[in-house]
Amino acid sequence: MTNLLKSCTAALACLSFATQGIAAEPLKALGKGEGAVSIVAWAGYIERGETDKNYDWVTDFEKESGCKVSVKTAATSDEMVSLMNEGGFDLVTASGDASLRLIAGKRVQPINTDLIPSFKTVDERLQNGPWYTVGGVHYGVPYLWGPNVLMYNTDAFKDKAPTSWNVVFEEQTLPDGKSNKGRVQAYDGAIYIADAAMYLMAHKPDLGIKDPYELNEDQYKAALDLLRGQRKLVSRYWHDAMIQIDDFKNEGVVASGSWPFQVNLLQADKQKIASTFPDEGVTGWADTTMLHVDSEHPNCAYMWMEHSLKAKVQGDAAAWFGAVPSVPAACKGNELMGDSGCATNGFDHFDKIKFWKTPVAKCTTQSECVPYHRWVSDYIGVIGGR
């Protein structure tokens, strides 16, 4: 944790200078593939048919490009930043709470979108996303986006979806007549403080929170106090999607913030699981495939970025993860996604999702905000019972 905290602090120290200078010149022309490409990715993001043969967007790429794909799964954005700081990887599928840190720390390089023809097919809402575009320069290509949903056990809630996040934040008796204490989970990442802040936006409007990622000292203290109270309810702080799935199946967990990925796998396993968007809203992620500044396989990496934006790949990946594709053309004609898949996964709710971003001291909604390195150290304290 100490090294992770140091890496977060170092990257954030220069975050306000992210618009000054460029880490490296982007590639001018594609050359021959180097034979390999290594990717740091979220669980379920890079599939080769090993879990389900219908979901495979790696095998054909390897055959066509000659680039062997290797994947290092990361469970949190902080782990992704740490791995990219260590080096040895070509690409990372970074969420908005990691991407600007990677740019500020000069761990990723600008992208020449002219070498990625499919970039023109990207959703206009994403083409210049502020989480990966700095000073008009693109530091990656969009991959997938989506919400952090409230996943729940339908038996525990008597087949009626909970309407509030209070089921994971406040002790109460659930519809099955049992307490929620010891039966809920919370995310094991400091960015989860924003979920608490979002809850307070609805339930304590006098705090004046306008953006859950931009908190002054009083707002931040209120969020931490809510999380300290939640600590008494939480059976596990999850970061491994597969462990969370097992906890819902076998350990009596009945409610938690989650990704559609876990919901889909549990439902496919005929578990009594559903998900919902509570009234307070949801946080979410818009993920970007970014190229390491010292990539050893830049040509294969560019080939992968182009491949990742093909409509078929986008649709298959979005269907598998329960996400929304960054290429709208993927929403129609994809056998795995179905023509209603994008709508189901939130395509029309883009403006309602409070996307992950790195909290910084110089914020836009007020004069000064609590920066992310404080979020990291204080959330470690919350989990530890402090």
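Annotations
- Applying the criteria of a DSSP loop state and at most 14 other Cβ atoms within 10 Å to the chymotrypsin sites (Phe, Trp or Tyr not before Pro) of the stretch 268-326 yields no site.
- Whether the stretch 86-198 is rounded, prolate or oblate, judged on the alpha carbon gyration tensor where a/c under 1.5 counts as rounded: prolate
- Taking 25 Å as the straight-line reach from the Cα of Lys53, the lysines in range (excluding those fewer than 8 positions away in the same chain) are Lys63, Lys68, Lys72, Lys249, Lys270, Lys272, Lys310, Lys312, Lys332.
- 10 Å Cβ shell holding at most 15 others, DSSP loop, GluC sites (Glu not before Pro): longest site-free stretch of the chain: 172-250
- Within the stretch 30-137, DSSP assigns beta bridges of which about 20% are antiparallel (rounded to the nearest 5).
- Contour minus Cα-Cα distance for Val137 and Lys181 (0.36 nm per residue): 11.1 nm
- For the stretch 216-279 versus the stretch 315-386, the spacing of their alpha-carbon centroids is 15 Å.
- Approximate spin-label separation Asp351-Asn128, in nm, with each point projected 7 Å along Cα-to-Cβ: 1.8 nm
- Most simply put, the chain has about 60% antiparallel DSSP beta bridges, counting only bridges with both residues inside it.
- Candidates Ala29, Ala161, Ala241: whichever shows maximal mean-square fluctuation once the chain is modelled as a Gaussian network with Cα springs under 10 Å: Ala29
- From phi via Karplus (6.51, -1.76, 1.60), per-residue ³J(HN,Hα) for the stretch 180-185 in Hz, x at Gly/Pro: 7, 5, x, 10, 10, 10
- Rounded if a/c under 1.5, otherwise prolate or oblate - the stretch 266-386, Cα gyration tensor axes: oblate
- Carbon + sulfur, % of accessible area of the chain - ligands and nucleic acids excluded, 1.4 Å: 49 percent
- Helix-only arithmetic for the chain: the sum of -39500 (n - 2.57) across DSSP H runs with n ≥ 4, divided by the residue total, places the mean residue ellipticity at 222 nm at -9500 deg cm²/dmol.
- Loop-located trypsin sites (Lys or Arg not before Pro) in the stretch 230-263 (DSSP state other than H, G, I, E, B) with a sparse environment of at most 14 neighbouring Cβ atoms within 10 Å: Lys232.
- Cα gyration tensor shape of the chain, rounded if a/c is under 1.5, else prolate or oblate by comparing a/b with b/c: oblate
- Taking 0.36 nm per residue of separation and subtracting the Cα-Cα distance, full extension of the segment from Lys332 to Arg231 would add 32.0 nm.
- Calculated FRET efficiency for the pair Lys221/Thr121, C-beta based, R₀ 51 Å, to 0.05: 0.70
- Residue-normalised accessible area of the stretch 157-284, expressed per residue, 1.4 Å probe, Å²: 42 Å²
- Cα-derived Rg over Rh, computed across the stretch 322-382 with Rh taken as Kirkwood radius: 1.22
- Subtracting the Cα-Cα distance of Asn112 and Ala268 from 0.36 nm times their residue separation leaves 52.2 nm of extension gain.
- Listed residues Pro205, Pro142, Pro278, most fluctuating in the chain (Gaussian network, C-alpha, under 10 Å): Pro205
- FRET efficiency, Asn250 to Leu30 (Cβ-Cβ, R0 45 Å, nearest 0.05): 0.40
- If you run the Gaussian network model on the chain, springs between alpha carbon atoms under 10 Å, then out of Lys210, Lys178, Lys106 the most flexible one is Lys178.
- Converting phi to 3J(HN,Hα) with the Karplus coefficients 6.51, -1.76 and 1.60 and the offset θ = phi - 60°, the stretch 337-352 yields 7, x, 6, 9, x, 5, 5, 4, 7, x, 3, 8, 9, 3, 6, 9 Hz in sequence order, with x at every glycine or proline.
The values are calculated or read from the model by the stated rules, or taken from the named source; none is laboratory data. Model, not experiment: these values are computed from the prediction. Note that each Cβ is placed from the backbone with ideal geometry, even for glycine, and that neighbours are counted across all protein chains shown. Quick note on the areas: whole protein, heavy atoms, side chains included, nothing else; ligands and nucleic acids left out. Shrake-Rupley method; radii C 1.70, N 1.55, O 1.52, S 1.80 Å.
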